[in-house]
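A.B. asks: Quick one: structure below, then a few questions.
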C-alpha cells in the first residue's frame, strides 16, 4: 500500500499553517509526517516534522512546471529509511505544506516520477486554502485553486464568503468546498469521500471574462478511442499547455468500466481503469480548467480526432 | 507522463495500452494529423519513431511526450489541434 501524501497549498496569509496546526491536533488525524518549507507555528506534538528548502532541480529539456523537487524527494525517501530503521514511528500519511507562492505542479510531478517515491507514495489530495477576505486576487491563488482536490475557504468570520464561493464554483466546480474559521476542519471533511460526480454538476456557461480562468465541461455520447484521445490531449497540452491548468475526466473507451483521467498542467497521472461504471450513464465527461479556450472548439476538435480512427485501424 | 518531459520517463501515459497493434494504429492516426503539416512519421523497429519533413530533414522521436515539440520545429509553426482547418481535414 502506498503512503498517501496530502499537499496543502494556498496564497500567503490564507491560513495554511493554522489549518495544518488544527488538523494535526485532531484526534482522528492519526500518525502523520509533516514536511514544511519554513518552520513556523505548526504544532508538532507527536507528529514528525521536516523542513525542506524551496530548491528545484530543472530536468534537462524539461519545462519549469515539471521541475523535479529533488529536496522533497530526498526528504520523502529519508522518512522511509528512518521509519525502517526504527528511528521514527510508522506514519499513515504525509502532509506537505508549500510556500504561499508555490506552484504545486512540480510537487505532483515529483510524486509521480521520482525514483522510489513514485512506488512508495501516492498523491491523496491537493488541499488549497482561500482567504474569504482577499479571495482570488493573485494569479498564484487562482492556479492553486484550479489544481485543488479540496478547497478550504478561511477567515469566514471576517468577511462574507459568498463572493469567493461563487467564484470558486465557477473555477473548480467538481471539488468539495469547506468553510473554516481558525482552521476548524475535521480530517474526514478533507480526506474522506470522493469528489462530487461531475455529471451531476451544473456548469456556468455564461461568457468568460477576458483572461478568466474557469471550468468547461465536455460530454460525449459515443465511446472515445483511447489512442486518438492520447494523441489529441498531448497535442493540445503542447500547443495550449499554459492555458490548461487542470484536466479531469471519466472516459468511455469501450471497456467494462470508465477510464479515469487526471492531469495538472502538463503532468498527467497514469490513467486508471475502474472495474465498472457507477450508474447507467455511459457518457464520457471531461472537465477542463483553463483560460481562453472555447468549449465548442474543444468538442469539435476531439470529435474530429475520434472520427479519424475510422479507416486507420491496424488490421 | 509529462507532455514536455515524457521522453525522460519509461512509458508515456498515453502509450500504455494496445501493444504492437496499438503502436501501428497510433502511427497511422498520427500521420493523418501530421500530413496536414507536410510531415510524416515512420516506426523504426517498434522502438522509436522517425519524423520527416518534405525537405528530407528528419529527427528521432521516442514518444508522444516529445513528438509535438519536434514536429513544431520541423513544421516551423505551432501545431494547434483546435485549428479549424486541421479539424476539417481529418
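The values are calculated or read from the model by the stated rules, or taken from the named source; none is laboratory data. Note that the structure is predicted; figures quoted are calculated from it, not measured. Reconstructed Cβ throughout: ideal geometry from the backbone, glycine too, with neighbour counts over all protein chains shown.
A.B. asks: What do you reckon, is residue A:249 within 14 Å of chain B (Cβ to nearest Cβ), in a strand (DSSP E or B) and modelled with pLDDT under 90?
C.D. replies: In short, yes.
A.B. asks: Hey, another quick one. Is it fair to say residue B:58 is more than 7 Å from every other protein chain (Cβ to nearest Cβ) and either within 9 Å of the chain's Cα centre (by Cα) or on the phi > 0 side of the Ramachandran plot (or both)?
C.D. replies: For residue B:58, the condition - more than 7 Å from every other protein chain (Cβ to nearest Cβ) and either within 9 Å of the chain's Cα centre (by Cα) or on the phi > 0 side of the Ramachandran plot (or both) - is not met.
A.B. asks: Sticking with this one: Quick one: in segment A:26-51, which of the residues that are loosely packed, with under 13 Cβ neighbours inside 10 Å and farther than 21 Å from residue A:79 by Cα is modelled with the lowest pLDDT?
C.D. replies: Looking at residues that are loosely packed, with under 13 Cβ neighbours inside 10 Å and farther than 21 Å from residue A:79 by Cα, I get A:41.
A.B. asks: Let me ask you something else. Does any residue of segment A:234-241 turn out to be in contact (Cβ under 8 Å) with a residue 40 or more places away in the chain, facing another protein chain (nearest Cβ under 7 Å), crowded, with 23+ Cβ neighbours inside 10 Å and over 24 Å from residue A:149 (Cα atoms)?
C.D. replies: No, there is no match, as no residue in segment A:234-241 is in contact (Cβ under 8 Å) with a residue 40 or more places away in the chain, facing another protein chain (nearest Cβ under 7 Å), crowded, with 23+ Cβ neighbours inside 10 Å and over 24 Å from residue A:149 (Cα atoms).
A.B. asks: Sticking with this structure for a sec: Could you check residue B:38 against (1) within 24 Å of residue A:303 (Cβ to Cβ); (2) more than 7 Å from chain A (Cβ to nearest Cβ); (3) more than 11 Å from the chain's Cα centre (by Cα) and say which number it fails?
C.D. replies: Checking residue B:38 against (1) within 24 Å of residue A:303 (Cβ to Cβ); (2) more than 7 Å from chain A (Cβ to nearest Cβ); (3) more than 11 Å from the chain's Cα centre (by Cα), the one that fails is (1).
A.B. asks: Go through segment B:58-72 and give me each residue that's without any contact (Cβ under 8 Å) to a residue 24 or more places away in the chain and in contact with a strand residue (DSSP E or B) (Cβ under 9 Å, 6 or more places away or on another chain).
C.D. replies: B:58, B:59, B:60, B:61, B:70
A.B. asks: Kindly provide the set of residues from segment A:244-264 that are surrounded by fewer than 17 Cβ atoms within 10 Å (Cβ to Cβ) and on the phi < 0 side of the Ramachandran plot, ordered by number.
C.D. replies: Residues satisfying the conditions are A:255, A:256, A:257, A:260.
A.B. asks: So which residues in segment A:266-297 are closer than 21 Å to residue B:68 by Cβ and either more than 7 Å from chain B (Cβ to nearest Cβ) or assigned to a loop (DSSP other than H, G, I, E, B) (or both)?
C.D. replies: A:266, A:269, A:270, A:271, A:286, A:288, A:290, A:291, A:292, A:293, A:294
A.B. asks: How many residues are under 23 Å from residue A:34 (Cβ atoms) and crowded, with 22+ Cβ neighbours inside 10 Å when one looks only at segment A:107-148?
C.D. replies: Of the residues in segment A:107-148, 19 are under 23 Å from residue A:34 (Cβ atoms) and crowded, with 22+ Cβ neighbours inside 10 Å.
A.B. asks: Identify all residues within segment A:97-106 that are surrounded by 16 or more Cβ atoms within 10 Å (Cβ to Cβ) and over 25 Å from residue A:188 (Cα atoms); write none if there are none.
C.D. replies: A:102, A:103, A:106
A.B. asks: So, restricting to strands (runs of 3 or more DSSP E) that lie completely within segment A:86-179, which ones have at least 2 residues that are in contact (Cβ under 8 Å) with a residue 40 or more places away in the chain?
C.D. replies: A:93-97, A:121-131, A:150-154
A.B. asks: Please go through segment A:217-233 and pick out each residue that is in a loop (DSSP other than H, G, I, E, B) and within 9 Å of another protein chain (Cβ to nearest Cβ).
C.D. replies: A:225
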